[in-house]
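Have a look at the structure below, then the notes.
The values are calculated or read from the model by the stated rules, or taken from the named source; none is laboratory data. Because the structure is a prediction, the values reported are computed rather than measured. Here the Cβ is made from the backbone with ideal geometry for all residues, glycine too, and neighbour counts use every protein chain on show. Just so you know, the surface numbers come from the protein's heavy atoms only, side chains and all, with ligands and any DNA or RNA stripped out. Shrake-Rupley method; radii C 1.70, N 1.55, O 1.52, S 1.80 Å.
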Amino acid sequence: SLFGVNKDSYNQFSVASVNENSKRKKQLAFHACSVILGDSAVIFSGDGGIGKSTIADSLRESGYQVPGDEVAFVTLCEDGVWKITAAAQKVGIERYILNELENPPVINTVVLLRNHIDSGFQFEKCSSARSVQESFPRLFCDRMNDPQYLPDAFCWSSSLFRQASACYLDFEKTI
């Protein structure tokens, strides 16, 4: 289902989603763009302004399904596989649409957006351990300062990166 929320509600939703669902489910909320490729998904995670929306727009224009360009809600499902269960799409200043996915795709790759370069693009493989370390600053959650949450988030991130491959992407933002 789709429904619009303002920035305050969105922030409350992401925090509430992670906080409440973490009691029942293993869930992480990444600052990321997500794209669905058949029955699997790729997450492009990075800091604000790095180009997540640019990538999302380019992929959408190429015919790919892009459920969100701002946040990817990643859940360890009952079948033991990490999937994107919801995504947030930015639709204006401080306005977002939340898209809950009926058939959540399996995450097979996480791309960590890193730097802008003068032209073209370059990939660099990222180890699982490094992926966990690099992903922590990209989580949307006020519980990162909560000592009871950190071990769970670390274990969940480690589990995710055992399932999904990770790489760095440096690219020219005008793709």
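List of remarks:
- Tally of residues being modelled with pLDDT under 90 and within 13 Å of Phe30 (Cβ to Cβ) across segment 88-111: 1
- Within segment 87-96, the set of residues being of a type outside the set (Ser, Thr, Tyr) and surrounded by 24 or more Cβ atoms within 10 Å (Cβ to Cβ) comprises Ala87, Ala88.
- For segment 120-152, a residue qualifies if it is among the polar types (S, T, N, Q), open to solvent by 80 Å² or more (accessible area, probe 1.4 Å) and at pLDDT below 80, and the qualifying residues are Asn145, Gln148.
- Among the residues of segment 46-85, those identified as of a type in the set (Gly, Ala, Ser), at pLDDT 90 or above and either more than 25 Å from Phe171 (Cα to Cα) or surrounded by 13 or more Cβ atoms within 10 Å (Cβ to Cβ) (or both) are Ala56, Ser58, Gly68, Ala72, Gly80.
- Condition check for Ser158: open to solvent by less than 90 Å² (accessible area, probe 1.4 Å) and part of a loop (DSSP other than H, G, I, E, B): no
- Hits in segment 157-173 - residues which are of a type in the set (Phe, Trp, Tyr) and within 17 Å of Ala29 (Cα to Cα): Phe161
- Ile36 vs. criteria modelled with pLDDT of 85 or more, open to solvent by less than 30 Å² (accessible area, probe 1.4 Å), in a helix (DSSP H, G or I) and not small (Gly, Ala, Ser): no
- Residue match in segment 49-57 (condition: hydrophobic (A, V, I, L, M, F, W, C) and out of contact with any Ser or Thr (no Cβ under 9 Å at 6 or more places or on another chain)): yes
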